[in-house]
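Beneath this line is the structure, given in structure tokens, with notes to follow.
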Amino acid sequence: MTSPAAATADFLDQRTGLGAAVKEFARKVFPDHWSFLLGEIALYSFVTLLISGTFLTMFFVPSMTEVTYSGPWASLQGTRMSEAFASTLRLSFEVRGGLLMRQVHHWAALIFMASIITHMMRVFFTGAFRKPRELNWVVGFTLLILGLAAGFSGYSLPDDVLSGNGLRISDGVLRAVPIIGSYGSYFLFGGEFPGEALIPRLFTVHILLVPGLILALVGLHLFMVVLAKHTQYPGSGRTDRNVVGFPLFPIYVAKAGGFFFIVFGVIALMAATMQINPVWNYGPYDPSPVSAGSQPDWYMLFLDGALRLMPGGVEVVIANFTVPLNVLIPAMVVPGILFTALAAYPFIEAYATGDKREHHVLDRPRNRPFRTAFGVSLLVAFFVLVLAGSNDLIATHFHLSINDITWVLRFALFIAPAAAFMVTKRMCLALQRRDREIVLHGHEHGTIVRFESGEYIEVHQPLNEHERWIRVQHEPIRPLQVAPAEDSRGVRRKGYAADLRRARLSRLFYADRVEPVTPAELAASHSHGTHDELPPAPSGQELVAGGRRSLVADDRAPGDGH
Amino acid sequence: MNWLAAHRHDRRAPLLLLLTALLLTGGVYALLVPAPAVAASTASSAEVDSGMKLFTANCATCHGTGATGTAAAPSLVGVGAAAVDFQVGTGRMPAQMSGPQVEAKPVQFDQDQIAALAAYVASLGPGPSIPTGDQVDPAQGDPATGMALFRTNCAQCHNAVGAGGSLSQGKFAPSLWQTTPTHLYEAMLTGPQSMPVFNQATLTSQEKRDIIAFVSEQGGTQPGGLSLGSIGPVSEGLWAWVVGLGLLLGAAVWIGAKSS
């Protein structure tokens, strides 16, 4: 007797050979850590977006045809508005469950972007983007950009005053591009802003183009995770050659399946209790009004902030063409720098490290001080811009002068990331020194013992093997060194200048460092009982594995960063 | 016609022409000018007297005896009863301290005293009077017209639903949710502090009433749950991170802690 489920499975297996794939996949091992669930939040909020978005398309009318409102919202009775806005109001007030679905969709969008950023931070700070995962980092980065595009196009669809103001800013940025700007604007809006073509166009972008691309790239992203296997945190028994964890079935099927419902539940809870984007308060779009406190959704706020910080009047006129640097710098150069730095970082770091090996064990952030400090300074710069985008609300809520806030943030945009970089780097180095200290001396025990001779000592408890391994497992990374400019016969070597540049970058990354305790140091500390005469760490010329032969590792002793 | 041709080069002709033009302009202006706001003459002289005493004791330090103004504060001659009722009735006056702007605080006088002060200031020169209950009745206004007018005239500073907003150098447009209809009307009429004056030519009495009808509907319960201050996407983003990501990270840590 076979059960119906088994019969169905057998039917499929005989025709598709699915059984082998399921068997293989079900036994695939994944490491376990809460931070590996951050990407899942993004995936599940995207599924939530697809479900709620499908519902919304049933009722939303993407048209800029003008109609007169005669629905239940009294404050808009008899107001002329576009069909897009009217259908958004109908969705909110007349369609059963419509307002809940709109709010689910919008909250899910905010959570989607927030979880992408959080997931990206985890990947960045643990070095999960290193070989062989650089390409998947780029795929993830593209997903971030597509998420911004999806968010912005959806935010603009209801055709309300607030989102229309956002569109007007985008139009202004587009027009700021020299020569092609105004043509681009006319092309995008199908004539003079706002025109009547934009909402239908944005609709296609928002419900077909961008989600289709996101879906495809999410598939690729996950496929590449399976292909390269998941990274794991350092720990005893975990190496670059194994994966320590649990099989997909039943552990992760249960965990991940359950987590989907938690994500959906949290979003639904927010949507049911907290209002979001009340377009009926903003009114139908009309280019003349702008209300106080007009801001984009949080993930675009940094661009608004950059525009708010930029001093006006920085315009250059070249042969009758105005180059409005006051728009181009904040709206194109600043995000350009932020995004390029983010996308290119894995490649820059690999270049500076001279490392061509595969890495499957993650870094502890403290063990890569430059990377951690760089990531924190990027985040600080982003946060300063977000604050700048909220400057009017900070002014009203904290009773400050908006002019003072703007001036403080103008300086902070340059000073705060630099300060954050230095502080973070120093903290990482200090934590590494603390690790060395604990490995060599053990944990402080708090117990004071007095010898017969009258001497007092504090008893230190030695680390167990697992604790010690976490603190000593990583390899020290030293700056690349340049081979001499001339070979043994006095001939100038090709590529010397490039090597020099690369070595300079490498020093920037790794000159300040604290190296992990070596077995020799540990043995010395245990046998002597005193640590004043430690033997120097093994040093000497080491060829960097897979690197250029002309670049060799620095032979400076560890702890030069002191 | 011949007389005109013969005398138009007379040396007195330009003078005559100028006089005629002046008389004509003045006459047309006198005909077309809106009737000046006249202080309500209902105030008794006893009220004016007690108002003057209150003024001398509480206001004259800055506004000068006789309310003619000093270096510290403007003259109040001609500001009318409406301005006094707004400034004193919302607690802005007497001012607590100097700063970017004079802020509302608990009202310092009772209704009779405010009326007396208003009567005294109104007696100094004609100015806008306190609106009647009928003029500020939200039930007689149309909130839809009010919302359209609010969007084009008020939302720039006070936010789309009157939650308030920031102005330059620490000044701000306050939230309108706790403001009484009478004070809303008086503010539009007299333009306190940074606010422009919306006179009868800019917003008619009916239009002011429409705006009051719209504003008095705001600040209460909104469809869709907690309004998060009605200040737009910044607070929404903040709560998405604090509540949404907060709960989800908590759940992730909980799930991650469940086996390893």
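A few points about this structure:
- In this structure, residue A:55 does not qualify as surrounded by fewer than 20 Cβ atoms within 10 Å (Cβ to Cβ) and within 11 Å of chain B (Cβ to nearest Cβ).
- Residues that are of a type outside the set (A, V, I, L, M), farther than 30 Å from residue A:352 by Cβ and away from chain B (no Cβ under 12 Å), drawn from the stretch A:100-151: A:105
- Residue list for the stretch B:177-195, restricted to those being away from chain A (no Cβ under 14 Å), closer than 18 Å to residue B:105 by Cα and in a loop (DSSP other than H, G, I, E, B): B:178, B:179, B:180, B:192, B:193
- When A:254, A:272 are screened for being within 30 Å of residue A:362 (Cβ to Cβ) and surrounded by fewer than 22 Cβ atoms within 10 Å (Cβ to Cβ), only A:254 passes.
- Tabulated pairs, the stretch A:354-366, first more than 16 Å from residue A:510 (Cβ to Cβ) and modelled with pLDDT of 90 or more, second polar (S, T, N, Q) and surrounded by 20 or more Cβ atoms within 10 Å (Cβ to Cβ), C-beta under 6 angstrom, 6+ apart or interchain: A:360/A:231; A:362/A:126; A:362/A:231
- The helices (runs of 4 or more DSSP H) found wholly in the stretch B:51-163 and carrying at least 1 residues that are of a type in the set (Phe, Trp, Tyr) and crowded, with 16+ Cβ neighbours inside 10 Å occupy B:80-89, B:111-124, B:143-153.
- Among the residues of the stretch A:67-86, those identified as more than 9 Å from every other protein chain (Cβ to nearest Cβ) and buried (at least 20 other Cβ atoms within 10 Å of the Cβ) are A:81, A:82, A:84, A:85, A:86.
- Unique residue being part of a helix (DSSP H, G or I), of a type outside the set (Ser, Thr, Tyr) and within 14 Å of chain B (Cβ to nearest Cβ) when the list is A:411, A:382, A:370: A:382
- Residue in the stretch A:387-403 that is in contact with a helix residue (DSSP H, G or I) (Cβ under 6 Å, 6 or more places away or on another chain), more than 14 Å from chain B (Cβ to nearest Cβ) and under 24 Å from residue A:144 (Cα atoms) present: no
- Restricting B:253, B:242 to those that are assigned to a helix (DSSP H, G or I), facing another protein chain (nearest Cβ under 7 Å) and free of Cβ contacts under 8 Å to residues at least 40 places away in the same chain reduces the list to B:253.
- Residues located in the stretch A:88-99, provided they are away from chain B (no Cβ under 11 Å), closer than 25 Å to residue A:147 by Cβ and either out of contact with any Pro (no Cβ under 9 Å at 6 or more places or on another chain) or of a type outside the set (Val, Ile, Thr) (or both): A:91
- Among residues of the stretch B:196-236 being among the hydrophobic types (A, V, I, L, M, F, W, C) and more than 7 Å from chain A (Cβ to nearest Cβ), the one that is surrounded by the fewest Cβ atoms within 10 Å (Cβ to Cβ) is B:201.
- Verdict on residue A:288 being within 11 Å of another protein chain (Cβ to nearest Cβ), surrounded by fewer than 21 Cβ atoms within 10 Å (Cβ to Cβ), farther than 22 Å from residue A:146 by Cα and touching a helix residue (DSSP H, G or I) at 6+ places or on another chain (Cβ under 8 Å): yes
- Selection status of residue A:383, within 27 Å of residue A:240 (Cα to Cα) and among the aromatic types (Phe, Trp, Tyr): no
- Hits in the stretch A:1-32 - residues which are farther than 30 Å from residue A:235 by Cα and either among the basic types (Lys, Arg) or not in a helix (DSSP H, G or I) (or both): A:1, A:2, A:3, A:15, A:17
- Among the residues of the stretch B:101-158, those that are over 29 Å from residue B:210 (Cβ atoms) and of a type in the set (S, T, N, Q) comprise B:108, B:113, B:123.
- Of all the residues in the stretch A:481-510, those that are under 26 Å from residue A:521 (Cα atoms) and at pLDDT 90 or above number 3.
- Selection status of residue A:88, outside any loop (DSSP other than H, G, I, E, B), hydroxyl-bearing (Ser, Thr, Tyr) and free of Cβ contacts under 8 Å to residues at least 40 places away in the same chain: no
- The stretch A:417-439: number of residues that are more than 19 Å from residue A:125 (Cα to Cα) and crowded, with 18+ Cβ neighbours inside 10 Å: 3
- Criterion violated by residue B:174 - all others in (1) more than 20 Å from residue B:91 (Cβ to Cβ); (2) surrounded by fewer than 23 Cβ atoms within 10 Å (Cβ to Cβ); (3) within 10 Å of chain A (Cβ to nearest Cβ); (4) of a type outside the set (Lys, Arg) satisfied: (1)
- Restricting the stretch A:388-408 to residues that are in contact (Cβ under 8 Å) with a residue 60 or more places away in the chain and buried (at least 21 other Cβ atoms within 10 Å of the Cβ), the residue that is nearest to residue A:476 (Cα to Cα) is A:388.
- Any hit, the stretch B:132-147, residues being facing chain A (nearest Cβ under 9 Å) and of a type in the set (Gly, Ala, Ser): yes
The values are calculated or read from the model by the stated rules, or taken from the named source; none is laboratory data. Predicted, not measured: the structure shown is a model, and the values here were computed from it. All Cβ positions, even for glycine, are placed from backbone atoms using ideal geometry, and neighbour counts span all protein chains on display.
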